[in-house]
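Participant: Sharing a structure, written as structure tokens. Questions coming.
The values are calculated or read from the model by the stated rules, or taken from the named source; none is laboratory data. Note that this is a predicted model, so its numbers are computed, not measured. All Cβ positions, even for glycine, are placed from backbone atoms using ideal geometry, and neighbour counts span all protein chains on display.
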């Protein structure tokens, strides 16, 4: 099985690229989705987050107030590192378990979507790394469409390695601006080379 990592900046098209790869037959696991699962009520990560950041981050139904937590951790590097220490090992264990299952099933190609792939030192775990990228203007436009103000965009972007560095370190780059057909053609080229 070939194992590829897919990374890129926030709002730069990782999910769209992953969807195209999935349609072509790759098995895809998204670490953002794993993170959401790990903080559901009853999960040990949620209890640890509550202990670390206080009970005020839980809604009356026991779910995590994600936006409130994001406001805390993206305004304070130490708080972000504390959250990452809780979540990142669990996220890595979860995607590695999924990859191990796919290996047992003889899946030909698996893709792990990891926004912080280089930041977490995961690059040596993959045969190939693909970076989804766009201009900062396109990124802002996409994140504004999600309702993010400029300050939030700046805080989230500052918490990640600059996309130019990710591009330099990746084996392949998908430029996600323009029409979806253009991205699909890029995916076909990368698919052929992987």
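Let's see how each residue does on (1) surrounded by 16 or more Cβ atoms within 10 Å (Cβ to Cβ); (2) under 12 Å from the mean Cα position of the chain (by Cα); (3) in a helix (DSSP H, G or I):
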position	(1), (2), (3)
11	yes, yes, no
18	yes, yes, yes
22	no, no, yes
34	yes, yes, yes
71	no, no, yes
78	no, no, yes
81	no, no, yes
85	no, no, yes
90	yes, no, yes
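Participant: In addition: Take the residues in region 99-135 that are free of Cβ contacts under 8 Å to residues at least 40 places away in the same chain and under 23 Å from residue 80 (Cα atoms), then tell me which one is nearest to the chain's Cα centre (by Cα). Give the steps one after another, and end with the answer.
Facilitator: Of region 99-135, the ones free of Cβ contacts under 8 Å to residues at least 40 places away in the same chain are 100-101, 104-105, 120-121, 124.
In the following step, the residues that additionally are under 23 Å from residue 80 (Cα atoms) were identified as 120-121.
Details: 120: 11, 121: 14 Å.
The selected residue is 120.
Participant: Of the conditions (1) without any contact (Cβ under 8 Å) to a residue 12 or more places away in the chain; (2) closer than 30 Å to residue 189 by Cα, residue 81 fails just one. Which one is it?
Facilitator: Checking residue 81 against (1) without any contact (Cβ under 8 Å) to a residue 12 or more places away in the chain; (2) closer than 30 Å to residue 189 by Cα, the one that fails is (2).
Participant: Looking at this structure, is residue 108 closer than 25 Å to residue 186 by Cβ and either at pLDDT 95 or above or in contact with a helix residue (DSSP H, G or I) (Cβ under 7 Å, 6 or more places away or on another chain) (or both)? It would help to see each step written out before you state the result.
Facilitator: Details: closer than 25 Å to residue 186 by Cβ: yes; either at pLDDT 95 or above or in contact with a helix residue (DSSP H, G or I) (Cβ under 7 Å, 6 or more places away or on another chain) (or both): yes.
For residue 108, the condition - closer than 25 Å to residue 186 by Cβ and either at pLDDT 95 or above or in contact with a helix residue (DSSP H, G or I) (Cβ under 7 Å, 6 or more places away or on another chain) (or both) - is met.
Participant: Test residue 183 against the stated conditions and say whether it is within 17 Å of the chain's Cα centre (by Cα) and within 14 Å of residue 14 (Cβ to Cβ).
Facilitator: no
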